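FYI, it's all coordinate maths here, none of it is from the lab. The structure presented is a predicted model; accordingly, all values stated were derived computationally and were not measured. Cβ: placed from backbone, ideal geometry, glycine included. Neighbour counts: every protein chain shown.
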2 protein chains.
Amino acid sequence: MALIVKKFGGSSVANSERILNVARIVLESYKEGHSVVVVVSAQGDTTDELIEKAREINTKPSKREMDVLLSAGEQISMALLAMAIEKEGYPVISLTGYQAGIMTDSNYGSARIKSIDTERIFRELDKKNIVIVAGFQGWNRYEDITTLGRGGSDTTAVALAAALKADLCEIYTDVDGIYTADPKIVPDAAKLDDISYDEMLELASLGANVLHTRSVEIAKKYNVNLVVRSSFNNSPGTIIKEVGKVEKMLVRGVAKDDNVARIAVIGVEDKPGVAFKLFSLLAKENISVDLIIQSIGRNGKTDISFIISKENLDKTLEVLNSNIDVIGAEEIRHSDKYSKVSIVGAGMVNNPGVAATMFEALFDADVNIHMITTSEIKISVLVDVKDSVRAVNAIHEKFRLAELGSGGK
Amino acid sequence: MALIVKKFGGSSVANSERILNVARIVLESYKEGHSVVVVVSAQGDTTDELIEKAREINTKPSKREMDVLLSAGEQISMALLAMAIEKEGYPVISLTGYQAGIMTDSNYGSARIKSIDTERIFRELDKKNIVIVAGFQGWNRYEDITTLGRGGSDTTAVALAAALKADLCEIYTDVDGIYTADPKIVPDAAKLDDISYDEMLELASLGANVLHTRSVEIAKKYNVNLVVRSSFNNSPGTIIKEVGKVEKMLVRGVAKDDNVARIAVIGVEDKPGVAFKLFSLLAKENISVDLIIQSIGRNGKTDISFIISKENLDKTLEVLNSNIDVIGAEEIRHSDKYSKVSIVGAGMVNNPGVAATMFEALFDADVNIHMITTSEIKISVLVDVKDSVRAVNAIHEKFRLAELGSGGK
């Protein structure tokens, strides 16, 4: 019999009815004889309510206390799910991050899992207990509570699956699986039966908010069998595995990310070391950058543009403006009226025609391209945010992505 | 400088405004140079909301999971209070029961504190941190969360004060202190400046819901300097200490407890061992009894009556009826239309006149007495619940308890 880790997000446990539904899904596997470890997020709006409570008191609380506060959310949902399983008469036990042995670094608010001591979980599984673990949270060497940041429960589930050497890690969510595009934007987007870790990584980092990047990285590293599926129906979902099927189609999905801001550092000296200075300042503040473009210099001066997440805009401007002399820039400009549109596919690396096809689709749809970047399995372009939906649809149609589905959309 | 433990109940931290008020009270002591440990309960209605969430899913959840659920309440309030103190720019850290070293037995739902490892708290105090500790919760030898049951946060505060050898333990509540009677029932009830542990114990067990009995027991055992005061004003409160001042007045307070049910075990054999059998059955179920009266036997049979808390009524009837043959009783009767009215005072033990005065007051007020019990510092009578307010007022007036106040009511 298998050892299965099942993760349920906030919307899957949002109210008592849904919690009872999750209990049924869990018990289905347990009754088949499997060992089941369940990872839960906080209920639907709990996290937002707790953040609001904090905001009323202190707009800049310490991250340590924020983690103490937010981790109460999963403690509530894990106990409620345990009670739902008890109601059906099956043995169950809920464990906090600490009780489940999840040790992290001390980066409160976005901690990384350093190790998992599986002793307690295995002891409970040996007793035939269904084990429920609080997602999103851990414990550091000071014996303090930490949280893993956005999408942390996915990370908990995959890291647990890796540490427990689970046969399968199922991520239950409110969508049926991974689509060729966001069905809310592209009506005929098709569900994929499978996708490679690398493709999923690119899609996850592009705003296809189904799985958190960090969790896919861990799955790839430890070769965890990952499935994304719906907690509201019995659809088989999408399997994420080492190598995607070799497909006729090179492109597997298209996504847009409106959560971007463009920074332009104007008039820096066109000499070695400038970019290093600039980006090491941002790295120190943990700000990721993307789509870096340096213009062709004139009169010994050049401009450097790049993309950041919108939530980092204030911090980025603060860092750059207070170091404008260090960087030697004339001016820092910014705008958040852009969207990043990307296509992803493991097959595109050896097919230069893919980029041309994408650009043709955008030209046909009258979408202006501001910046371009390519990687082995991804091509991203920056377009005006007002054009982004049109751009995604044009690309989806051009590459005939609707045909990628297995019919069971 | 002193080490002070301050405890704030659920109504004192019910919303953000009140939490900011608690932060001010805490900082007043801290700024005077004291080391401050704060114990908090869950916010106002949080516990009730969590119980309701549980009830929607499972009306009989395990006590272990209920403790996991409820302990999230203090985790939320302690983090919020820490944020309120951070806002004022002072160093603070919040600790769960486990982090604060509070080890209990495994009696989930009403665990007893077995030991407190003060190492972490002292370490944080050495760093000049204000230390906030979650009330009501602990940790057992299985590394599981436990809760201490009703009034548990008082117990946490007093036990911490004892373990830390604190100079003072201040219980902040929504009343100014301990009164000669419930001011809601007796308009001219007077606030006492001080009261002995024993008197407080009797009052606490009588439904003067200011301090939980268990906390007073611990305070008495470890000689903790205890003060009950309001978190809403600066009134000095009531000091609870080893020996009360010798007062002119023998009686220090009058209280009623409507939360009682009377059980009558009819027609048991009038021979040794019957009462033992009966009450050991109840003790096994952790049911406390009070006011035991055995009628004078006739024909070798007798009746045994006693009082229990209303919440134990169902369980008591279940136990007695399923053991009716073991006890050898003809019938079990019960009624919950009674109230227990008591007077308390350390001086009354040597003054037989006190009981007579109490009965005279009740006679004058036309209150019928069903049962009587006396201890060294307490006299209790069982009256009809409809008479209880009249009884309390009559006694309060007869003993001129309004004169016990120090004027600063």
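Peptide B:44-55 is shielded by partner chain Cβ atoms: per residue, an average of 2 of them sit within 10 Å of its Cβ.
Averaged over peptide A:77-90, the number of partner chain Cβ atoms lying within 10 Å of each residue's Cβ comes to 6. With Rh defined as the Kirkwood radius, the inverse of the mean 1/r over Cα pairs, the Rg/Rh of chain B is 1.00. Cβ crowding within 10 Å ranks B:Asp364, A:Asp270 as B:Asp364, A:Asp270, fewest other Cβ atoms first.
For the segment A:219-227, counting C-beta atoms of other chains within 10 Å of every residue's C-beta and taking the mean gives 0.
Other residues with beta-carbon under 11 Å from the beta-carbon of B:Gln43 carry, at +1 per Lys or Arg and -1 per Asp or Glu, a net charge of -2. What percentage of all Cα-Cα pairs in segment B:260-335 are separated by more than 22 Å? Of all Cα-Cα pairs in segment B:260-335, 12 percent lie more than 22 Å apart. Sites listed here are GluC sites (Glu not before Pro) in segment B:325-409 whose DSSP assignment is loop and whose Cβ has at most 12 other Cβ atoms within 10 Å: B:Glu330, B:Glu376. Annotation: aspartates and glutamates with alpha-carbon distance below 14 angstrom to B:Lys315 (same-chain offsets under eight excluded): B:Glu285. Computed from the Cβ-Cβ distance with R0 of 30 Å, the FRET efficiency linking A:Ser375 to A:Lys165 stands at 0.45.
When only alpha carbons are used to place a centre, segment B:273-305 and segment B:11-42 end up 47 Å from one another.
Here segment B:115-144 and segment A:168-233 have alpha carbon centers that stand 42 Å from each other. Computed over the alpha-carbon atoms, the protein assembly as shown gives an Rg to Rh ratio of 1.09, Rh here being the Kirkwood radius from the mean inverse distance.
If you plug the beta carbon distance of A:Glu17 and A:Ser280 into 1/(1 + (r/R0)^6) with R0 = 45 Å, you get a FRET efficiency near 0.30.
What the Cβ-Cβ distance of A:Asp48 and A:Arg150 gives, at R0 = 22 Å and to the nearest 0.05, is a FRET efficiency of 0.95. The sum of -39500 (n - 2.57) across all DSSP H runs of n ≥ 4, divided by the residue count of chain A, sets its helix-only mean residue ellipticity at 222 nm to -10500 deg cm²/dmol. Pairs with C-alpha atoms separated by more than 32 Å, drawn from the list B:Lys277/B:Lys398; A:Lys87/B:Lys284; B:Lys221/B:Lys256; B:Lys63/B:Lys386; B:Lys277/B:Lys337, are B:Lys277/B:Lys398; B:Lys63/B:Lys386.
Each Lys or Arg adds one and each Asp or Glu subtracts one; over the other residues with Cβ under 14 Å from the Cβ of A:Asp325, this totals -2. Calculate how steeply helix B:16-31 sits against the longest principal axis of the alpha-carbon atoms of chain B, using the helix alpha-carbon long axis, and give the answer as 0 to 90 degrees to the nearest 10. In chain B, helix B:16-31 runs at an angle near 70 degrees to the longest axis. Using every pair of separate Cα atoms, the Kirkwood estimate puts the hydrodynamic radius of segment A:298-357 at 15.0 angstrom. Give me the number: length gained by fully extending A:Glu311 to A:Arg24, i.e. 0.36 nm times residue separation minus the C-alpha to C-alpha distance, one decimal in nm. Full extension from A:Glu311 to A:Arg24 adds 99.5 nm. Among the GluC sites (Glu not before Pro) within segment A:24-70, those in coil by DSSP and having at most 11 neighbouring Cβ atoms inside 10 Å are A:Glu32. The Rg/Rh ratio for segment B:3-174, using Cα coordinates for both the radius of gyration and the Kirkwood hydrodynamic radius, is 0.96.
Under the combined filter of DSSP loop state and at most 14 neighbouring Cβ atoms within 10 Å, segment B:371-405 retains these trypsin sites (Lys or Arg not before Pro): B:Arg400. Of the peptides A:87-94, A:307-314, A:144-151, the ranking by mean beta-carbon count within 10 Å, highest at the top, reads A:144-151, A:87-94, A:307-314. Residue order for A:Arg214, A:Arg333, fewest other beta carbons within 10 angstrom first, comes to A:Arg333, A:Arg214.
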